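The values are calculated or read from the model by the stated rules, or taken from the named source; none is laboratory data. What you see is a predicted model, and the numbers here were worked out from it, not measured in a lab. Using ideal geometry, Cβ is built from the backbone for each residue, glycine included, and neighbour counts are taken over all protein chains shown.
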Amino acid sequence: MTLAFSDLEDATSGLLVAAAPACEAAPKAAPTPLVRLTDVRKRFGALQALDGISLEVAAGEILGIIGRSGAGKSTLIRCLNGLERPDGGTVEVLGQNLANLREAALRRLRGRVGMIFQHFNLLSAKTVAGNVALPLRIAGVDQAKRRARVADLLALVGLDGKADSYPAQLSGGQKQRVGIARALAADPALLLSDEATSALDPETTAAILQLLRDINRQLGLTVVMITHEMSVVRAVCRRVLVLERGTVIEQGRTAEIFARPRTELTRRLIASAQHAPEAVPAERLEPSYRPGLYAILRVVAQGTAATRPLVGALAGHAGVEPLVLRAEIDRVGTEPVATLVLAVPDGTPERLAALQAGAGSLFSSLEVLGYAADPV
Amino acid sequence: MPLIPYDHLLQAFWETVTMTAVSGAISFVLGLPLGLVLLNTAPGGLWAHASLNRGLGAIVNAFRSLPFIILLVALIPLTRLIVGTSIGTAAAIVPLSIAAIPYYARVAEVSLREVDRGLVEAVRAMGGSQLTVMREVLIPEALPSLVSGFTVTLVLLIGASAMAGAVGAGGLGDLAIRYGYQRFNTPVMVAVIVVLILLVAAIQAGGDRLARRVDHR
């Protein structure tokens, strides 16, 4: 790859400064976040779209922001490039407080923040090359450099040979590749993705997410992704933030959130990302133990624990061999997460307590879903 | 005198073409910016300005509600001021343009309004100024529709230019009234109608072709 990304220097310069003053190992200072929001509020008429949002985005990370429609995701991402002015709170992006920027300075900042959209938003009257070149023309790059850069970018996103096509001649996935090339054109320090895969089929979604992951790794580009699909978060985001009614209801490492969701909404979002339906239909579950019933458990293990032989460990502590109703190991962000749904024969409270005491340390969570006479 | 005065017919044809082309060009050059202003000063526009928008809208509507024949007479002093005379083809161009500018401004406003807001947002998100948004998004994206609207405006101008015969502007309409109607010369009437039909058909076909050529959607 021949792209020269000057912003890589920006990303590493903080480290150089931290290392410079002392000879002994300097305490590792937290790198300055690329984006810092403090108590951001925005109201549209009767709707409080953002209700005191605070968050930080570290350089080089892929942050997922997930929520249902109307949760305030789009308003939030539009605050990050000043397309939306919040009513209260501060938005600092690339070290600048957006509230202090005048129109021209804000435009320059937007030039350093790329954005991709659900519906691609490509200009139909321009060719692929014309679309990708537009941010460069806005930045005042001369024609020869523009042409070379456009060729590099199209190669990067796997669209060489399409330079003279019009967007209408491309498939959805190709259009989003053009959108990504266009967003990268002006060497952004930050990439905003507003539901970039929501209009694509699953296979194309996977390819586009792979491309975003590659770009993040190869260019060190920081990405903030808005989505309503937990599967997107699982595929690419190291960290995730759950938005509901304009507030952050949960945040943390993606694997952590998947293993131990704390809110009902997050649980539901995660369930929708898992391929399989419920192992035991709800109508067959009973809420309390009666002699002879199976206890239906869901256990989740993450990290290295996910790769251990879990069923054997459980059997040892419970004293009986549980039935495996469902088992899967997923990669969430970069970590493996194992989810098991088990039926423990004659699941007495004592037996479950013994199991919890003996093997509990292996699991991130152990949840009793209910009891059933016939789990299969 | 032959049944159909071909030299008159040819001259009238060129007069009509001249009036239509010149006033059409003027209405495009001035009507498009006016359409952009109407769109962008409207609520939610790039530089929303309610009172300016309402004021301009009222003026545009006032001109559009006047029957052309009234406008033609009412504008005689202005025409005399600009052209020096109120008679002839050049003189007719003034009222024709003034009638067509607000008309095309509204047509252009509607076309420009149809442009996907997401495209405007995308270009603003990459740091584009309002001028960039207009030059790179609004006008190019609306171009097929702007061209179609302009074709309609031209056809309308051909009709209006016939009335301009009232101020001695000449043209096909004038020929049809003076020779065909007042002198009961039916062949002239028929000939004029045929030429007008061909002219309108040619403009419409040309406009459609151009609109298709600039349409990459």
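List of remarks:
- Restricted to region A:163-181, and to residues there that are more than 14 Å from chain B (Cβ to nearest Cβ) and touching a Leu at 6+ places or on another chain (Cβ under 7 Å), the residue that is farthest from residue A:195 (Cα to Cα) is A:163.
- Residue that is surrounded by the fewest Cβ atoms within 10 Å (Cβ to Cβ) [pool: residues in region B:124-137 that are more than 7 Å from chain A (Cβ to nearest Cβ) and of a type outside the set (Lys, Arg)]: B:131
- Every residue from region B:87-123 that is at pLDDT below 95 and polar (S, T, N, Q): B:89
- Evaluation of residue B:61 against (1) part of a helix (DSSP H, G or I); (2) surrounded by 15 or more Cβ atoms within 10 Å (Cβ to Cβ) (one fails), failing number: (2)
- Condition met for residue B:84 (more than 30 Å from residue A:116 (Cβ to Cβ), surrounded by fewer than 22 Cβ atoms within 10 Å (Cβ to Cβ) and without any contact (Cβ under 8 Å) to a residue 60 or more places away in the chain): yes
- The set of residues from region A:320-347 being polar (S, T, N, Q) and exposed (fewer than 15 other Cβ atoms within 10 Å of the Cβ) comprises just one member, A:334.
- Matching residues in region A:199-212 - criterion: being surrounded by fewer than 19 Cβ atoms within 10 Å (Cβ to Cβ) and in a helix (DSSP H, G or I): A:202, A:203, A:204, A:206, A:207, A:210, A:211
- Residue A:215 vs. criteria crowded, with 16+ Cβ neighbours inside 10 Å, out of contact with any Lys or Arg (no Cβ under 9 Å at 6 or more places or on another chain) and farther than 23 Å from residue A:53 by Cα: yes
- Among the candidates A:144, A:133, A:104, A:125, residue that is facing chain B (nearest Cβ under 8 Å) and of a type in the set (Gly, Ala, Ser): A:125
- Odd one out for residue B:36 among (1) surrounded by fewer than 20 Cβ atoms within 10 Å (Cβ to Cβ); (2) under 29 Å from residue B:202 (Cα atoms): (1)
- Answer from A:260, A:284, A:267, A:298 - the residue that is of a type outside the set (Gly, Ala, Ser) and out of contact with any strand residue (DSSP E or B) (no Cβ under 9 Å at 6 or more places or on another chain): A:267
- Lone qualifier among A:68, A:85, A:78 - being under 27 Å from the mean Cα position of the chain (by Cα), crowded, with 19+ Cβ neighbours inside 10 Å and among the basic types (Lys, Arg): A:78
- Qualifying residue in region A:182-192 (condition: away from chain B (no Cβ under 14 Å) and surrounded by 24 or more Cβ atoms within 10 Å (Cβ to Cβ)): no
- When region A:45-66 is limited to residues that are hydrophobic (A, V, I, L, M, F, W, C) and touching a helix residue (DSSP H, G or I) at 6+ places or on another chain (Cβ under 8 Å), the one that is farthest from residue A:269 (Cα to Cα) turns out to be A:59.
- Given (1) outside any helix (DSSP H, G or I); (2) within 21 Å of the chain's Cα centre (by Cα), index of the condition residue B:184 fails: (2)
- Restricting attention to region A:335-365, the residues that are farther than 16 Å from residue A:256 by Cβ and not in a helix (DSSP H, G or I) total 9.
- Test: residue in region B:144-157 that is among the small types (Gly, Ala, Ser) and either free of Cβ contacts under 8 Å to residues at least 24 places away in the same chain or within 11 Å of chain A (Cβ to nearest Cβ) (or both): no
- Matching entry among B:52, B:75, B:56 (being hydrophobic (A, V, I, L, M, F, W, C) and either within 14 Å of another protein chain (Cβ to nearest Cβ) or buried (at least 20 other Cβ atoms within 10 Å of the Cβ) (or both)): B:75
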